[in-house]
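The values are calculated or read from the model by the stated rules, or taken from the named source; none is laboratory data. Given the structure is predicted, the values throughout are model-derived calculations rather than measurements. For neighbour counting, all protein chains shown are included, and Cβ atoms are generated from backbone atoms with ideal geometry for every residue, glycine included. Calculation scope for accessible area: heavy atoms of the full protein, side chains included, ligands and nucleic acids excluded. Shrake-Rupley method; radii C 1.70, N 1.55, O 1.52, S 1.80 Å.
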Amino acid sequence: MPTRTPLIAGNWKMYKTVTEAVATATELVGRVADADDVEIMVAPSFTALAAVASALAGSRIALGGQNLHWESEGAFTGEVSAPMLVSAGCSHVIIGHSERRQYFGETDETVNRRIRAALDAGLVPVFCVGETEAQRESGETFSVLDKQVQMGLEGFSLNELTGLVIAYEPVWAIGTGKTANREQAQEVHRFIRELIEESFSIDLANAVRILYGGSVKPDNAADLMAMDDIDGALVGGASLKAETFSQIVNFKRSL
Ligand code: 13P
């Protein structure tokens, strides 16, 4: 059984001013100081990145962007590039979140370009995939995920993808309080791992971390994380408070 260090990531979405983000980050540093068996990442909004980087300095918590543009600079009003994220202190970046696909026209092609930009800048991409409720109900879950994973990772070499993180977030479970049950999540995580094995290699498949996202809370985290192919969580709502996020980070202590 390959051992993968769990990654617990917080996606703060469009919440928190700079002051609020720094306060949460500062409180979190204290609450997770002993969690040396997991990796931790938070992704504040762009405006708070540099200040949160200072608050996290010297701690175990990594910093991530929530998106990036694929060009490194240019006349693209309102966009932020990979080198800019690096210069603000980021080591990770969330790419292809369903909210970006749903509301901002993100496609598998643009996701692919963004992953390229992240890798070129040395950022760890947290590559999000997931089916909608309608797709699940019409039996398309696996074909949708197959397409998202294959197109998102098209053209990359095996070596480039070392360190890749995938987040499976069923759209119907995001912010709804409906969590995929752990068997449903495990089934999809296994499927994604097998896709990586077929397209790349068994070693990459064994190494890639596949996070679950969608209404992860302190009371369901340990249950989900106990499954073989669930290697962590991408947490929205419950990551906004240091208390609840740290309870998820410390999920092993509640087993
Ligand atoms: P919730 O945890 O609020 O359901 O959000 C999940 C998510 O979208 C994380 O990226």
Worksheet, complete the sentence: Applied in sequence order to the stretch 43-56, the curve 6.51 cos²θ - 1.76 cosθ + 1.60 (Karplus, θ = phi - 60°) yields integer Hz couplings, x standing for Gly and Pro, of 10, x, 5, 3, 5, 9, 4, 5, 5, 5, 4, 5, 5, 8
Worksheet, complete the sentence: Which residues qualify? For Ser81, with a placed amide H closer than 5 Å and at least 5 residues away or on another chain, they are His69
Discussion item. Pairwise over distinct Cα atoms, reciprocal of the mean inverse distance: report the Kirkwood radius of the stretch 134-197 in Å, one decimal place.
Written reply: 13.0 Å
Worksheet, complete the sentence: Expressed in nanometres to one decimal, the distance between label points 7 Å along Cα→Cβ at Thr19 and Phe76 is 3.3 nm
Response to the item:
Phi angles of the stretch 93-100, converted by Karplus (6.51 cos²θ - 1.76 cosθ + 1.60, θ = phi - 60°) into ³J(HN,Hα) in whole Hz with x for Gly and Pro, give 8, 7, 10, x, 4, 4, 5, 6
Fill in: Ranking by accessible area, most exposed first, for Lys13, Lys241, Lys217 with a 1.4 Å probe
Lys241, Lys217, Lys13
Fill in: Percent of beta bridges antiparallel (DSSP, the chain, rounded to nearest 5)
0 percent
Fill in: Charge dipole (debye, nearest 20) of the stretch 32-97; +1 at Cβ of Lys and Arg, -1 at Cβ of Asp and Glu
140 debye
Worksheet, complete the sentence: Relative to the compact-globule estimate 2.2 N^0.38 Å (N residues), the Cα gyration radius of the stretch 1-110 stands at a ratio of 1.13
Worksheet item: Residue by residue through the stretch 167-181, which ³J(HN,Hα) values in whole Hz follow from phi under the Karplus form 6.51 cos²θ - 1.76 cosθ + 1.60 (θ = phi - 60°), with glycine and proline marked x?
Response: 10, 8, 10, x, 4, 5, 9, 7, x, 9, x, 8, 9, 4, 6
Worksheet item: Cα to Cα, under 30 Å, and not fewer than 8 places away if on the same chain: which lysines meet these conditions relative to Lys252?
Response: Lys13, Lys16, Lys178, Lys217, Lys241
Item to complete: Answer with one residue from Ile248, Ala222, Val93: the one whose Cα lies farthest towards the positive end of the charge dipole of the chain, charges on Cβ with Lys, Arg +1 and Asp, Glu -1.
Response: Ile248
Response to the item:
At the level of C-alpha centres, the distance separating the stretch 201-235 and the stretch 32-85, in angstrom, is 21 Å
Discussion item. Given contacts defined as C-alpha pairs under 8 Å and at least six residues apart, what's the relative contact order of the chain, whole-number percent?
Written reply: 21 percent
Practice prompt. Mind listing the long-range amide H neighbours of Arg209? Cut-off is under 5 Å, sequence gap 5 or more, other chains count too, H placed in the peptide plane at 1.01 Å from N.
Written response: Ile166
Worksheet item: Using 1/(1 + (r/R0)^6) with R0 = 45 angstrom and r between the beta carbons of Arg190 and Ser54, what's the FRET efficiency to the nearest 0.05?
Response: 0.65
Worksheet entry | Label-point separation, Gln102 to Glu137 (7 Å along Cα→Cβ), nm | 1.5 nm
Worksheet entry | Cα-centre dipole for the stretch 97-159 with unit charges at Cβ (Lys and Arg positive, Asp and Glu negative), debye to 20 | 260 debye
Discussion item. From the mean inverse distance of alpha carbon pairs (Kirkwood) and the Cα radius of gyration, derive Rg over Rh for the stretch 160-255.
Written reply: 0.99
Item to complete: For the chain, evaluate the Debye formula with one uniform point scatterer on each Cα (no solvent term) and list log10 I(q)/I(0) at q = 0.10, 0.14, 0.15 Å⁻¹, rounded to two decimals.
Response: -0.44, -0.90, -1.05
Practice prompt. Might you report the magnitude of the Cβ-based charge dipole of the chain about its Cα centre, with Lys and Arg at +1 and Asp and Glu at -1, to the nearest 20 debye?
Written response: 700 debye
Worksheet item: Distance in nm between label sites at Glu197 and Arg4, each 7 Å beyond Cα in the beta-carbon direction?
Response: 1.2 nm
Discussion item. Given R₀ = 25 Å, what would the calculated FRET efficiency be for Asp37 paired with Asn181, taking r from the Cβ atoms and rounding to 0.05?
Written reply: 0.50
